[in-house]
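Below is one structure, written out as C-alpha cells; the observations come after it.
The values are calculated or read from the model by the stated rules, or taken from the named source; none is laboratory data. Here the structure is a predicted model, which is why all the values come from computation and not from measurement. Every residue, glycine among them, receives a Cβ derived from its backbone with ideal geometry; neighbour counts consider all protein chains shown.
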Amino acid sequence: MEIRDANAALPLSVVIPAWNEEREIRRCLDGLSRQTAGGFEVIVVDNGSTDRTASIAAAWGAQVLTEPRRGIAYARQTGFDEARCPIVASTDADAIVPPDWIARIRREFAARPDVVGIFGPFHYQSKSAPKKLADWSIPLCYAATVSFQWITWRLGRPHFPGANFAIRREAFSAVSGFRSPLDSTSYYSYWEDVQLGLKLRRIGEIRYLRDLVVQASARKLGSVRRNVLYPARQAAALHLLGREL
C-alpha cells in the first residue's frame, strides 16, 4: 500500500511478519483498511511461506518483502529496515487492530517528543483457541496479560507484544533493532519484541496504552508447558539472570 495522506503529520510504517498465514492475513490487512487515519504504508515480510500468503498481501496492496532466513526476529528486522517512515508500528499476521490504532499511535508520538516506544495489550479472539477449555480461559488470559504488562512497565521492564507496539525508527536503529548488542550478527531467538523494548527504555520513555487493544488469534493457546512454564523460565533468565534469549 502506498503512503496515503503524504502531508499528514508523522507518516507511519506498519510491519507484519508472516509465515504460511493465508488463512489469517486477509483479516489482518482488512483491519488496516478500516483505519480512521491515513498516512501509512504496510510492509508484509514473507518468511519462507509455501502457501498464498505473499500473493494475498500483494493483491491487497501491501509491499511484500522476502526474508529467507527462518525466524521472526529476522523477518521483523527486514521489515523495520525497509520502513520509510519515522514511526514504525508492529502487528502480527493473525491479529486485528482497532480502527483508531494508527491515529492513537500517531497522536501519542506527536504529543510526547521524548517517547521512543509505545505498546498496548492484546485480547485473544473468542472461539479461536484449539480446545474448548483453552477458549474458556481467554478472559482470564486477557486480565493476566494486562496486569502483567502494566506491572512490568511500571518496574521499567516493558514487555512489548509483537502484535501491538510502535517505535521511532531512529531509536530502533540506535539500539541495533532485534540484534544482540553484544554481537551485531546475532539475532534474538525468543521474545525479540520484549528484548527490543528493554533496550529502548534505556534511551527514552516507553508508554503503555492500556486501552489500545489488538485482537489476536488464540490458535497457539492450550499447552500449559508452552504457554506458562516455558515463558516463566525464559522470563526468569531474562529478568533475573540478565541473559539474552
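Could you list, in sequence order, all residues of the range 198-222 that are more than 21 Å from residue 21 (Cβ to Cβ), out of contact with any strand residue (DSSP E or B) (no Cβ under 7 Å at 6 or more places or on another chain) and either part of a loop (DSSP other than H, G, I, E, B) or of a type in the set (A, V, I, L, M) (or both)?
Answer for the range 198-222, where residues must be more than 21 Å from residue 21 (Cβ to Cβ), out of contact with any strand residue (DSSP E or B) (no Cβ under 7 Å at 6 or more places or on another chain) and either part of a loop (DSSP other than H, G, I, E, B) or of a type in the set (A, V, I, L, M) (or both): 198, 201, 202, 210, 211, 212.
Please name all residue pairs, on different chains or six or more residues apart, with Cβ atoms under 9 Å, provided the first residue is in the range 190-208 and is more than 22 Å from residue 111 (Cβ to Cβ) and the second residue is in a helix (DSSP H, G or I) and charged (D, E, K, R).
What qualifies is 192/76; 193/76; 196/76.
Quick one: which strands (runs of 3 or more DSSP E) lie wholly within the range 89-168 and hold at least 2 residues that are modelled with pLDDT under 95?
122-124
State yes or no: is residue 78 crowded, with 20+ Cβ neighbours inside 10 Å, over 22 Å from residue 217 (Cβ atoms), among the β-branched types (Val, Ile, Thr) and without any contact (Cβ under 8 Å) to a residue 40 or more places away in the chain?
yes
Report every pair of residues separated by at least 6 positions or lying on different chains whose Cβ atoms are under 6 Å apart, first residue within the range 23-44 and among the acidic types (Asp, Glu), second part of a strand (DSSP E or B) and surrounded by 20 or more Cβ atoms within 10 Å (Cβ to Cβ).
41/13
For residue 119, state whether it is in contact (Cβ under 8 Å) with a residue 40 or more places away in the chain, touching a helix residue (DSSP H, G or I) at 6+ places or on another chain (Cβ under 8 Å) and not charged (D, E, K, R).
yes
State all residues of the range 12-41 that are under 16 Å from residue 95 (Cα atoms), of a type in the set (A, V, I, L, M, F, W, C) and surrounded by fewer than 24 Cβ atoms within 10 Å (Cβ to Cβ); if no residue qualifies, say none.
Across the range 12-41, the qualifying residues are 19, 29, 32.
If we keep just the residues of the range 26-55 that are hydrophobic (A, V, I, L, M, F, W, C) and touching a Leu at 6+ places or on another chain (Cβ under 8 Å), which is nearest to residue 179 (Cα to Cα)?
Once the filter is applied, the top-ranked residue is 45.
Go through the range 219-237 and count every residue that is touching a helix residue (DSSP H, G or I) at 6+ places or on another chain (Cβ under 7 Å) and under 29 Å from residue 180 (Cα atoms).
Final tally of qualifying residues: 1.
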